[in-house]
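The values are calculated or read from the model by the stated rules, or taken from the named source; none is laboratory data. What you see is a predicted model; the values in this text were computed from it and never measured. For neighbour counting, all protein chains shown are included, and Cβ atoms are generated from backbone atoms with ideal geometry for every residue, glycine included. Accessible surface is based on the protein model in full, side chains and every heavy atom, while ligands, DNA and RNA are left aside. Shrake-Rupley method; radii C 1.70, N 1.55, O 1.52, S 1.80 Å.
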Amino acid sequence: MKAEEPDLLADLDDDQLQAVTHDQGPLLILAGAGSGKTRAITRRIAWLIRDRGVPPSRILAATFTNKAAGEMRERVERMVGAGDAPSWMGTFHSLGLRMLRRYADRLGYPPGFVVFDEDDSEKVIREVCKSLGIPKERVGALGTRIDRAKNDGILEFRADERNPADREFAQVFAAYQRELKANGAMDYGDLLALWFRLLEDHVDVRQEIRQRFLHVLVDEFQDTNAVQYEILKHLAAVHRNLCVVGDDDQSIYSWRGAQVDNILDFPKDYPDARVVTLGRNYRSRGSILQVAARVIAFNRSRHPKALRSVRAEEGRPVEVYRGLDEVAEARFVASEIRRRIEEGVALSRVAVFYRTNAQSRVLEDALRQRGIPYRVVGGLKFYQRKEVKDVLGYLRLLVNPLDRVALERVIHVPSRGIGPTTVQKARELADQEGEDLLVALAMIADQSGDAMRRRVQGFLETITDLAAMAIDRPAPEVVRAVLDRTGYLAMLREDTSLEGQNRLENVMELVASVDQFMAATGESSLKAWLDRVSLVQPLDEGGEGEVVSLMTVHAAKGLEFDCVFVCGLEEGLFPIVRSDRSRDRPSPSSREALEEERRLFYVAMTRARDRLTLCCASMRTRYGRREVSIPSRFLGELPRELVRMAAAR
């Protein structure tokens, strides 16, 4: 070993050492909260490269957020060097996108296909529903069902002809997929479902991909859905070197397709799998850990495990506060945060969790009244803002002229006198003649009066010139040209209101992000930058600085804070009660749903390092009505010897 290379095994505990140095075959690493799972999986990747001589190109490592993927890559690069880190390391969706770029033609898609975000997909579904005479109120439910189908690897739905809802869904699903393909587009679910289809239906591609990788590693395995697990089984079918890291006690995403059974059944699917449990917790005080362990033990569907805190002091008891109503609860939280600040705790080390976004308002009011700065994690994100999406629409149209959604978004901004009637005529002509919408628009212009012909031709010439520029010019140059040639930047500058200035600043920030991407990656193509933007996820963006963080418990997953407040611990709110019949999910009263709520509570508690405060109210206003609240059953599961009641001070 070179003197400058770090010792990969020196600071590992016994459990981590077993996980890192497992040689061949399937491996399940059960990594409890705060047990050093990121250390284990990154050390294992580095160990395979440095100590076992596995070529980096033959390692695939998948996780769920861009932030986690970036951290994984940085850690591995520090141990093996930037040039020796695996290139196939990223989120499932980014890996799927990369794979589909190589084989898109095998599935009937152009190599330059674009990725539709949620808004784009909803727009297409809305248009499909309109054409089929389906009420617009059904759009949301149908979109959810389409996403769920793709999470299961389904791309064609065979309806039960006796079921009207099935027949309707089959029509919408088929029409939606046709529209995506006509636009040269995939949605987020396609990045997985089509990757799976590629492996299932194309033997030569499947064999090539299986031979490519010798080791497959997955972080947060408890969050995988059906199609992700099937993809992993394909990738590891030859060598069977599948290493999965996760914690069934932190599986909280069934609403987006995650299946806790994937991690629970892994030893059944791979009977020869080695199971290593990381049993030491490096985050929380002993009192917090014991309380969390007592509560999660009420779940029946879980791998038995016992976490031990390595921190010397047990710490303060967990506090429980019950206020008169949500206002009293919020005032208590704000008052306690002020006390923590006076004790020297940094604002950035304090967080307030709640079950639903609607709970944040009263908490925000209380914090503002006390002059405590805060941020709400999970609000409208940068790439979802209208002005940003407008510019992205122009850029997407340049790399993929088939993108109807992008075309229809940008043709009216800035206003250039090409009205919706003209666009509708072009859409109908495109459908009749089997032409691209841009071509049909030119045909309509030729049949129109001089004024309309000039407007349309001017727009088409601008797009054509910019598209040619996008082929070989650096992305920052193309973006600036788009803002200038389309008149979008001039339109923003004309609006001198505060809102207008904010929009201008957002667009300028978008330009800066292109510059930063090029500087960081050395990649200058517009297509590469758009690929990166298409994979941005809500939790990848967040504020900085010394502020208190307010967020739902789902948003808190993977984070840690010195002081944590969990609010709204009342029956019907946490655990929540919702009607999910339209999504074919287990009813809220079912054991599966309740156990997931308990896992969510476990996640909330184990984010705390030093102090944990659990709050509820005797009365709460919900849906415009003031109701008596019953304390959550989870509070009744707390060990009394480790809990004390708190009073407002």
Worksheet item: Taking a probe of 1.4 Å, how large is the accessible area per residue of the chain, in Å²?
Response: 44 Å²
Practice prompt. Report the dimensions of segment 218-375 along its three principal axes from the alpha-carbon atoms, largest first, rounded to Å.
Written response: 61, 37, 28
Response to the item:
The answer for Met89, listing residues at least 5 apart or on another chain whose modeled amide H is closer than 5 Å to its amide H, is Ala61
Worksheet, complete the sentence: With Cα coordinates, the longest principal axis of the chain makes an angle with the long axis of helix 475-485, in degrees rounded to 10, of 50 degrees
Discussion item. For a quick check: with amide H placed at 1.01 Å from N, whose amide H comes under 5 Å from Asp247's, ignoring anything fewer than 5 positions away on the same chain?
Written reply: Ala31, Phe221, Gln222
Discussion item. From the C-alpha coordinates alone, can you work out the Kirkwood hydrodynamic radius of segment 351-419, in Å?
Written reply: 15.3 Å
Worksheet, complete the sentence: Projecting the Cα atoms of Tyr229, Ala33, Tyr103 onto the charge dipole of the chain, where Lys and Arg contribute +1 and Asp and Glu -1 at Cβ, the residue farthest towards the positive end is Ala33
Worksheet item: To the nearest whole percent, what portion of all C-alpha pairs in segment 154-233 is separated by more than 19 angstrom?
Response: 53 percent
Worksheet, complete the sentence: The lysines whose Cα lies under 21 Å from the Cα of Lys37, excluding any fewer than 8 residues away in the same chain, are Lys67, Lys305, Lys557
Item to complete: Report the GluC sites (Glu not before Pro) located in segment 303-334 that are in a DSSP loop and have at most 10 other Cβ atoms inside 10 Å of their Cβ, or state none.
Response: Glu313
Worksheet entry | ³J(HN,Hα) computed for each position of segment 222-233 - Karplus, 6.51 cos²θ - 1.76 cosθ + 1.60, integer Hz, glycine/proline x | 5, 9, 6, 9, 4, 5, 5, 5, 5, 4, 4, 4
Worksheet entry | Pair Ala165, Gln24: separation of 7 Å Cα→Cβ label points (nm) | 5.1 nm
Response to the item:
Expressed in angstrom and rounded, the centroid-to-centroid distance over alpha carbons for segment 49-106 and segment 415-491 is 39 Å
Item to complete: Only helical DSSP H runs with n ≥ 4 go in: add -39500 (n - 2.57) per run for the chain, normalise by residue count and round the 222 nm mean residue ellipticity to 500 deg cm²/dmol.
Response: -15000 deg cm²/dmol
Discussion item. In whole Hz and in residue order, list the ³J(HN,Hα) couplings for segment 320-334 that follow from phi through the Karplus curve 6.51 cos²θ - 1.76 cosθ + 1.60, θ = phi - 60°; x for Gly and Pro.
Written reply: 10, 10, 10, x, 5, 8, 5, 5, 5, 4, 5, 5, 4, 4, 4
Practice prompt. Please tell me the relative contact order of segment 186-302 in percent, rounded to the nearest whole number, where contacts are Cα pairs under 8 Å and at least six residues apart.
Written response: 23 percent
Response to the item:
Expected unfolding gain across Asp365-Ala346 under the 0.36 nm per residue rule, minus the alpha-carbon gap, is 4.8 nm
Worksheet item: Of all the accessible heavy-atom surface of the chain, with the other protein chains kept in place and a 1.4 Å probe, what percent is carbon and sulfur?
Response: 49 percent
Item to complete: Among DSSP beta bridges whose residues both lie in the chain, state the antiparallel percentage, nearest 5.
Response: 10 percent
Worksheet item: How big is the charge dipole of segment 366-473 about its Cα centre, in debye rounded to the nearest 20, if each Lys and Arg gets +1 on its Cβ and each Asp and Glu gets -1 on its Cβ?
Response: 1100 debye
Worksheet item: What lysines could a cross-link reach from Lys181, if we take a straight Cα to Cα line under 18 Å and drop same-chain neighbours fewer than 8 places away?
Response: Lys123, Lys150
Worksheet entry | Electrostatic dipole magnitude of the chain [Cβ: Lys, Arg +1; Asp, Glu -1; Cα centre; debye, to 20] | 1420 debye
Discussion item. Please list, in order, the residues from segment 516-530 whose amide nitrogen is less than 18 Å from a point placed 7 Å along the Cα→Cβ vector of Glu77.
Written reply: 516-525, 529
Response to the item:
So the FRET efficiency between Glu477 and Trp255, C-beta based with R0 = 56 Å and rounded to 0.05, is 0.85
Fill in: Label-point separation, Leu9 to Glu592 (7 Å along Cα→Cβ), nm
4.3 nm
Fill in: Signed unit charges on C-beta, dipole axis of the chain, positive-most listed residue Cys563, Pro164, Val244
Cys563
Worksheet item: Taking the Cα-to-Cβ direction at Asn357 and at Thr496 and moving 7 Å from each Cα, how far apart do the two end points lie in nm?
Response: 3.5 nm
Response to the item:
So the FRET efficiency between Ala237 and Gln432, C-beta based with R0 = 60 Å and rounded to 0.05, is 0.80
Item to complete: Distance from a point 7 Å along Cα→Cβ of Leu324 to each backbone N in segment 607-649: keep the residues under 19 Å and list them by number.
Response: 615-622, 625-631, 646-649
Item to complete: Grab the beta carbon distance between Val439 and Thr521, set R0 = 25 Å, and tell me the FRET efficiency rounded to 0.05.
Response: 0.15
Item to complete: Express the relative contact order of the chain as a whole percentage, based on alpha carbon pairs under 8 Å and six or more residues apart in sequence.
Response: 18 percent
Item to complete: Taking amide H positions as placed in the peptide plane 1.01 Å from N, state which residues far from Tyr374 in sequence (5 or more) or on other chains have amide H under 5 Å from it.
Response: Val548
Response to the item:
Note, segment 417-431: 3J(HN,Hα) by Karplus (6.51, -1.76, 1.60, θ = phi - 60°), whole Hz, Gly/Pro = x, goes x, 9, x, x, 5, 5, 5, 5, 4, 5, 5, 5, 5, 4, 5
Worksheet item: If the convex hull of the alpha-carbon atoms of the chain is projected onto planes in all directions, what is the mean projected area in square nanometres?
Response: 32.2 nm²
Item to complete: Starting from the Cα-Cα distance between Asp119 and Asp465, subtract it from 0.36 nm times their residue separation and give me the gain in nm to one decimal.
Response: 121.8 nm
Response to the item:
Compactness check, segment 93-143: C-alpha Rg relative to the 2.2 N^0.38 Å globular estimate gives 1.46
